[in-house]
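See below for the structure under consideration.
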Amino acid sequence: MFIITGATGHTGSAAAQALLAAGKQVRVVVRAAAKAERLKALGAEVFVADLADQAALARAVRGAEGVFFMSPPDLTATDFTGERRRLTQRQVDTLTAAHVPHVVLLSSTGAQHAAGTGAILSLHNAEQQLRASGLPATFVRAGYFLENWGSVVHPVKTDGVLPSFTPAGLRMPTVSVADIGKAVAQALIDGPRGGVRVIELSGPQDLSPNDVAAAFSRILGKPVKVVEAPLDAVVPTFTSFGMSENVAGLFREMYEAMTRGLITTEPGEHVRGTTPLETTLRALLG
């Protein structure tokens, strides 16, 4: 039995579907059963629990062959890094006490760094906590989510403009949710390799905002141009969407780290997904 936490999110759902398609038994952990009806119809067992509840998490992972571990962020937190560190430590302690045989963590490119990466630092901390626990673990360090460009689809469609907080020509590891789900599912099926396994995951090729704009242009049949926004606009932009200043500031630091070339893959095991760029962008356009 494979346990998928965060199963109603994009990556958790994709991982659960990939496992079910491979004929595996899957238990999805959700806060509300109604949100998991589609996965239930596909054959998943639904377990309702709040991941912050250690007793409930312990029950959710009982009998697990492997657990996909992710902790959905609180974008309104006033001390995101500290709150997240304390939460993931409690969760890792619960997984350790439950003697889970294998944990697959959704991490990020750049999580090897102990400072200067903004919100990614919380994943560095989770990796370190799992290393210290002694649990067999796999870290799937995903590149920049291609689906993040969905937040600017409106100006792309209406004005032919792709706003970006990173330089137009800066190529970065980028990956689709579909490829993340497949990689997570495969890591769970592979099982523990002894100690810690690190998978640097990206799409078929690294992408720049210019590459994304060119793909949107081909799909829409009209020019789409990247417009670089200053880093000083990150905090006011994100707080206008309801984020706390603390979290928005971490995103500013993350974009700055990307621009400085700090968010890069480490040498080692590198997996590339197969989903074409235009397939994901067409889905975002609707």
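Throughout, read-outs are computed from the coordinates displayed, never taken from laboratory work. These figures come from a predicted structure and were not determined experimentally. Heads up, the Cβs are rebuilt from the backbone with ideal geometry, glycines too, and the neighbour counts pull from every protein chain shown.
Miscellaneous remarks
- For the stretch 191-286, the alpha carbon positions stretch 46, 38, 25 Å along the principal axes, listed from largest to smallest.
- Near the amide H of Val26, within less than 5 Å, lie the amide hydrogens of Phe2, Glu45, all on another chain or at least 5 residues away, with H placed in the peptide plane.
- Surrounding net charge for Arg272, when Lys and Arg each add one and Asp and Glu each subtract one, Cβ distance under 11 Å: -3
- Environment charge at Val196 (Cβ cut-off 10 Å; Lys +1, Arg +1, Asp -1, Glu -1): +2
- At most 10 other Cβ within 10 Å, DSSP loop - trypsin sites (Lys or Arg not before Pro), the stretch 207-274: Arg260
- Magnitude of the charge dipole, the stretch 116-267, Cβ model with Lys/Arg +1 and Asp/Glu -1, debye to 20: 300
- Size of charge dipole - the chain - debye, nearest 20, with Cβ of Lys, Arg +1 and Asp, Glu -1, no other charges: 620
- Remark: Tyr144, Tyr255 ranked as Tyr255, Tyr144, counting other beta-carbon atoms within 10 Å and listing the fewest first.
- Projecting the Cα atoms of Thr166, Thr274, Leu231 onto the charge dipole of the stretch 165-275 (Cβ charges, centred on the Cα centre) puts Thr274 farthest toward the positive pole.
- Convex hull projection area averaged over all views, the stretch 88-232, Cα basis, nm²: 10.0
- Pairs of Lys residues in the chain that lie 8 or more places apart, or on two chains, and have C-alpha atoms under 16 angstrom apart add up to 4.
- Helical contribution to [θ] at 222 nm, DSSP H n ≥ 4, -39,500 (n - 2.57), averaged over the chain, rounded to 500: -12500 deg cm²/dmol
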